[in-house]
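S.K.: Input: one structure, supplied below.
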Amino acid sequence: MIARRDNGTHGRRKMRNGWFASFLARLRDPRSRWLRIPIGLALLFGGLFGFLPILGFWMAPLGLSLLAIDFLWAERMLRRLKGAARRLRLHVGKMRRSLSGGKAKRD
């Protein structure tokens, strides 16, 4: 067995992961609706301007997933987005296989 060398970042990673995990748990708490809805709307709105620096298209699905906890319309939209992403991934996989002569490259 190979021993890993600790470069001193393990404690900081653990602390950061603990903080983030507790923040997510707090957001999922039903009493945090007042916090979850504005954050979800801000992320969704920021995702619409994903072509600008700092903001990104990654914000829209994250905002939808937060809003889906409280709103049925957001849950439906998120489900459609997941289905579209799955179909796109399958289509891209087929295109890669056909272009590579049947041998798909593993990333």
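The values are calculated or read from the model by the stated rules, or taken from the named source; none is laboratory data. All values derive from a computational prediction rather than experimental measurement. Here the Cβ positions follow ideal geometry from the backbone for every residue, glycine too, while neighbour counts run over all protein chains shown.
S.K.: Is at least one residue of the range 69-77 assigned to a loop (DSSP other than H, G, I, E, B), surrounded by 10 or more Cβ atoms within 10 Å (Cβ to Cβ) and modelled with pLDDT under 90?
M.R.: First, pick out the residues of the range 69-77 that are assigned to a loop (DSSP other than H, G, I, E, B): 69-71.
Filter again for surrounded by 10 or more Cβ atoms within 10 Å (Cβ to Cβ), leaving 69-71.
Checking which are modelled with pLDDT under 90 leaves us with none.
Checked the range 69-77: no residue is assigned to a loop (DSSP other than H, G, I, E, B), surrounded by 10 or more Cβ atoms within 10 Å (Cβ to Cβ) and modelled with pLDDT under 90.
S.K.: Can you find a residue in the range 9-27 that is at pLDDT 85 or above and among the basic types (Lys, Arg)?
M.R.: Yes, the conditions are met somewhere in the range 9-27.
Residue-by-condition table, conditions (1) of a type in the set (Gly, Ala, Ser); (2) without any contact (Cβ under 8 Å) to a residue 24 or more places away in the chain; (3) within 19 Å of ARG28 (Cα to Cα):
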position: PHE51; (1), (2), (3): no, yes, no
position: TRP58; (1), (2), (3): no, yes, no
position: LEU62; (1), (2), (3): no, yes, yes
position: ALA68; (1), (2), (3): yes, yes, yes
position: LEU72; (1), (2), (3): no, yes, yes
position: LEU81; (1), (2), (3): no, yes, no
position: ALA84; (1), (2), (3): yes, yes, no
position: LEU90; (1), (2), (3): no, yes, no
position: LYS94; (1), (2), (3): no, yes, no
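S.K.: Modelled with pLDDT of 85 or more, part of a helix (DSSP H, G or I) and more than 18 Å from the chain's Cα centre (by Cα): is that true of ARG31 in this structure? Don't jump to the end; show me each part of the working.
M.R.: Working: modelled with pLDDT of 85 or more: yes; part of a helix (DSSP H, G or I): yes; more than 18 Å from the chain's Cα centre (by Cα): yes.
So ARG31 passes the test.
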